[in-house]
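Right, one structure below, let's go through it.
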């Protein structure tokens, strides 16, 4: 595709605020085509609004480039960019009517006009005429279906009408790109759904590029040509709505987009994956015995009589959703969420199955906690900026610790392991988290969680590192927890040759 087909391009963009240690946006790369409707989707604090503000010019990237039609505009002020923004708080002028709110930018705008001066043609900056302003305002109000509201007082309008005025004020300047930062957040559910369709229609009429920010998956799926899923400052996946829904890149995307059953699985011979303690046929190609994440969408689960499907279970809950029933079926200790038009009683024994095409297999992001560390003079291991009790004898088979704290090999040679660099591995289910933070030396905040059938997978972040934790107990995103790891669960491997530490 030619460069001119992209109106905005972000290259290796990173953003860190002056008072912060961490980047809020990391290695952001994106190309946006002219006339595209792109949505930044993710939870609060993931960096989507910061990215939008950098495109608008309200924030400057710490690193990287933002290109408009191939020209770097990273340091260009907002008023010099052909970009307008609609915010969640509409910031309308309460003392002005609808017409004057929409016309405000046009009244202060100047445009170049060629005039004769001393017999020569020169360019002069002049204000728009009242007739031109009126024509532009009327056209903008027609697009947002408010053409009869010119004289209305802003304070007499509903939330949805005020939102349309804010959009009209943004588009009246005929920007090449319209940025929308959660503009439907202040509306009730019914109005939001109506405005989703209206915004999509406005986009069609205008033909300009929309870049939209939301944490609402339904908004993203309803309106977008392209969705950019973000988490923790990173892009998790870019794709069309159907692609994002049907083929999520990882467990976070699968959990965030729509309802999902997510399980830890293992690849077996003959194109089968083991989940729910059974082998299910699949169509994806993965290496034998690889540990994977498996996604089953509730609408793809087939419910039948006991023994007729792949695995049997018992209905534990039932909710009527209008066009279908939603069931939670217990298969052993695992929960399976399924949707069906059949009305079945709670505690009914059933069988479930799923076609191979509807089983989505994903490479696991992490199968172990891995750190770089070193041995302290007290034979502890330091990683994540904390000294942990450990067993250093695992670094040399048949070794022991003498009374002076030195490692003694089976040949009676002594080793001083102080500052020895090691690789540290801890299984995901061996990292323990607790509400009793005062009793733990290490604390962190839960920044991400995914339910995987019979347990949760948490991402716990402290000031120095991340811990991936798997257990059956329920916490919430944002909770502060203590972190502990038992001595016997810390696996060590020496980076260099142990001979260099021989005494």
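The values are calculated or read from the model by the stated rules, or taken from the named source; none is laboratory data. If you're wondering where the values come from, they're calculated on a predicted model, not measured in any experiment. FYI the Cβ positions are ideal-geometry reconstructions off the backbone, even for glycines, and counts take in every protein chain you see.
Here are a few things to note about the model shown:
- Looking across 329, 323, one residue alone is in a loop (DSSP other than H, G, I, E, B), in contact (Cβ under 8 Å) with a residue 12 or more places away in the chain, farther than 30 Å from residue 491 by Cβ and under 30 Å from the mean Cα position of the chain (by Cα). It is 323.
- Of all the criteria given as (1) touching a helix residue (DSSP H, G or I) at 6+ places or on another chain (Cβ under 7 Å); (2) surrounded by 15 or more Cβ atoms within 10 Å (Cβ to Cβ), the one not satisfied by residue 374 is (1).
- Of all residues in segment 81-106, those being under 30 Å from residue 66 (Cα atoms) and in a helix (DSSP H, G or I) number 5.
- Among the residues making up segment 170-192, those that are closer than 29 Å to residue 111 by Cα and in contact with a strand residue (DSSP E or B) (Cβ under 8 Å, 6 or more places away or on another chain) are 170, 171, 173, 175, 176, 177, 178, 179, 180, 181.
- Qualifying residue in segment 481-494 (condition: under 24 Å from the mean Cα position of the chain (by Cα) and either over 25 Å from residue 376 (Cα atoms) or surrounded by 16 or more Cβ atoms within 10 Å (Cβ to Cβ) (or both)): yes
- The residues of segment 12-37 that are assigned to a loop (DSSP other than H, G, I, E, B) and modelled with pLDDT of 95 or more amount to a single one, 36.
- Segment 52-81 residues that are assigned by TED's automatic domain parsing to the domain that holds residue 38, paired with ones that are part of a strand (DSSP E or B) and loosely packed, with under 13 Cβ neighbours inside 10 Å (beta carbon under 8 Å, 6 or more apart): 63/12; 64/12; 65/12
- Annotation note: of 98, 137, 102, the sole residue that is free of Cβ contacts under 8 Å to residues at least 60 places away in the same chain, surrounded by 15 or more Cβ atoms within 10 Å (Cβ to Cβ) and in contact with a helix residue (DSSP H, G or I) (Cβ under 8 Å, 6 or more places away or on another chain) is 137.
- Selection within segment 475-498 - assigned to a helix (DSSP H, G or I) and either more than 17 Å from residue 393 (Cβ to Cβ) or touching a helix residue (DSSP H, G or I) at 6+ places or on another chain (Cβ under 8 Å) (or both): 489, 498
- Qualifying residue in segment 42-50 (condition: touching a strand residue (DSSP E or B) at 6+ places or on another chain (Cβ under 9 Å), surrounded by fewer than 19 Cβ atoms within 10 Å (Cβ to Cβ) and part of a loop (DSSP other than H, G, I, E, B)): yes
- Looking at 21, 5, just one residue is touching a residue at least 40 places away in the same chain (Cβ under 8 Å), farther than 19 Å from residue 227 by Cβ and either more than 20 Å from the chain's Cα centre (by Cα) or outside the structural domain of residue 52 (by TED's automatic domain parsing) (or both), and that residue is 21.
- Here residue 128 meets each of (1) in the same structural domain as residue 211 (by TED's automatic domain parsing); (2) touching a helix residue (DSSP H, G or I) at 6+ places or on another chain (Cβ under 9 Å); (3) at pLDDT below 85 with one exception, condition (1).
- Residue within segment 384-398 that is surrounded by 16 or more Cβ atoms within 10 Å (Cβ to Cβ), in a helix (DSSP H, G or I) and out of contact with any helix residue (DSSP H, G or I) (no Cβ under 9 Å at 6 or more places or on another chain) present: yes
- So residue 302, is it closer than 30 Å to residue 347 by Cα, in contact with a strand residue (DSSP E or B) (Cβ under 9 Å, 6 or more places away or on another chain) and surrounded by 23 or more Cβ atoms within 10 Å (Cβ to Cβ): no
- Residues that are under 10 Å from residue 424 (Cβ atoms) and free of Cβ contacts under 8 Å to residues at least 24 places away in the same chain, drawn from segment 367-383: 382
- Strands (runs of 3 or more DSSP E) (entirely within segment 183-263) containing at least 3 residues that are buried (at least 19 other Cβ atoms within 10 Å of the Cβ), touching a residue at least 60 places away in the same chain (Cβ under 8 Å) and in contact with a helix residue (DSSP H, G or I) (Cβ under 7 Å, 6 or more places away or on another chain): 209-214, 226-231
- Filter pass, residue 28 being in contact with a strand residue (DSSP E or B) (Cβ under 6 Å, 6 or more places away or on another chain) and buried (at least 19 other Cβ atoms within 10 Å of the Cβ): yes
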